[in-house]
1. For the stretch 245-259, enumerate the residues that are surrounded by 11 or more Cβ atoms within 10 Å (Cβ to Cβ), at pLDDT below 95 and either assigned to a strand (DSSP E or B) or on the phi > 0 side of the Ramachandran plot (or both).
2. Which ones in the stretch 24-52 are assigned to a loop (DSSP other than H, G, I, E, B) and either loosely packed, with under 14 Cβ neighbours inside 10 Å or touching a Cys at 6+ places or on another chain (Cβ under 8 Å) (or both)?
3. Among G61, G70, G112, which is under 30 Å from T177 (Cα atoms), at pLDDT below 95 and either out of contact with any Ser or Thr (no Cβ under 7 Å at 6 or more places or on another chain) or not hydroxyl-bearing (S, T, Y) (or both)?
4. Exactly one of these conditions fails for S85: (1) closer than 21 Å to D154 by Cα; (2) assigned to a strand (DSSP E or B); (3) open to solvent by 40 Å² or more (accessible area, probe 1.4 Å). Give me its number.
5. Residue under question is G164, and the condition is that it be within 24 Å of L229 (Cα to Cα) and of a type outside the set (F, W, Y); does it hold?
6. With respect to R74, determine if the residue is under 27 Å from F135 (Cβ atoms), touching a Pro at 6+ places or on another chain (Cβ under 9 Å) and not in a loop (DSSP other than H, G, I, E, B).
7. Quick check on my filter: what residues within the stretch 39-92 are within 19 Å of Q145 (Cα to Cα) and over 24 Å from the mean Cα position of the chain (by Cα)?
8. Cβ-Cβ below 6 Å, separation at least six or inter-chain, first residue in the stretch 53-78 and open to solvent by 50 Å² or more (accessible area, probe 1.4 Å), second of a type in the set (D, E, K, R) and not in a strand (DSSP E or B): which pairs?
Amino acid sequence: TAADGWSVVPLPGFGAAWQPLKELSFLAGVHRGFSPLAPGQAAGTLPEDSVNVELGGRWKGRRGRAELIGFFNRYSNIVGTCTGSSGCSDDQLNVQFNGGAANVGGLEASGGVRGKFGDFSLSADGSYTLTVARFASSFSSGFTQFGNVHEGDDLPYVPMHTAGLTLGLEHDFGRATLAATYVSAMRDHAGQGAGRLGDFTEAQLLVDASFSVRLIGHLFLTAKVTNLLNSAYVVSYRPFGARPNAPVTAMAGLTWDLDGR
């Protein structure tokens, strides 16, 4: 870093793709990740630096698609930033902390199918992500989500499993959609093992629904209901104690769609 505060950081990257068939392709990439520090940080605080690798394949046909991507991110230093929502005191707001080395890797899978039945179109789209995020060094931090970290501890607020499924029904008169989202429990602070009450958020399964009905021409009546089942979960313990997800919420309105869909 230069004395005037300027720095030059090379961010090399490499990507390659191979398409052996019209419907099938494979990809690979290696890139450097870098996030500079905000102004005014304490001496000794390092920017976030990582090497990111991905490898996978995609298939796309007339009636469906599928994708599977593996990824691995090696952080030489991962940074934690204090905000009001993370439960930091006023004197720590916007302060950044070194998080040491960390490894984040996993798989992303997604796919979808389409079908036509008379005047109706049906669709189903799904996705799943497996993420394993762990510290690769031991240290003590003033950032409350880090604390006393041991090598192998899980990173806080990174779910291991996330998944989604969306079903759609479409006609010239409108469209209806039903979507389900799953997020596994997450650690509130770095650690290993089963933990105690308050160490983890709760796993969430939320269902949303929406529809639109053509009234005339390009004018549609639209409605959406989030958390259709009114499920209640502890989604965070920050900034000050257990926090629930939003309750069932309904919205309705009129939409002018120039595409007519």
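The values are calculated or read from the model by the stated rules, or taken from the named source; none is laboratory data. Here the structure is a predicted model, which means the values were calculated and not measured. Because the Cβ atoms are built from the backbone with ideal geometry, glycine has one as well, and the counts that use them run over all protein chains shown. What goes into the accessible areas is simple: the full protein's heavy atoms, side chains included, and nothing from ligands, DNA or RNA. Shrake-Rupley method; radii C 1.70, N 1.55, O 1.52, S 1.80 Å.
1. T255
2. So in the stretch 24-52, the residues assigned to a loop (DSSP other than H, G, I, E, B) come out as 36-47.
Passing the criteria: P36, A38, P39, G40, A42, A43, G44.
3. Details: G70 fails: at pLDDT below 95; G112 fails: at pLDDT below 95.
Selected residue: G61, the only one of G61, G70, G112 that is under 30 Å from T177 (Cα atoms), at pLDDT below 95 and either out of contact with any Ser or Thr (no Cβ under 7 Å at 6 or more places or on another chain) or not hydroxyl-bearing (S, T, Y) (or both).
4. Of (1) closer than 21 Å to D154 by Cα; (2) assigned to a strand (DSSP E or B); (3) open to solvent by 40 Å² or more (accessible area, probe 1.4 Å), only one is false for S85: (2).
5. On the way: within 24 Å of L229 (Cα to Cα): yes; of a type outside the set (F, W, Y): yes.
For G164, the condition - within 24 Å of L229 (Cα to Cα) and of a type outside the set (F, W, Y) - is met.
6. Values: under 27 Å from F135 (Cβ atoms): yes; touching a Pro at 6+ places or on another chain (Cβ under 9 Å): no; not in a loop (DSSP other than H, G, I, E, B): yes.
Here the answer is no, as R74 does not meet what is asked.
7. If we filter the stretch 39-92 for residues that are within 19 Å of Q145 (Cα to Cα), which is where we start, we get 41-42, 45-48, 75-92.
Within the stretch 39-92, Q41, A42, T45, L46, S89, D90, D91, Q92 qualify.
8. Qualifying pairs under 6 Å: W59/E23; K60/E23.
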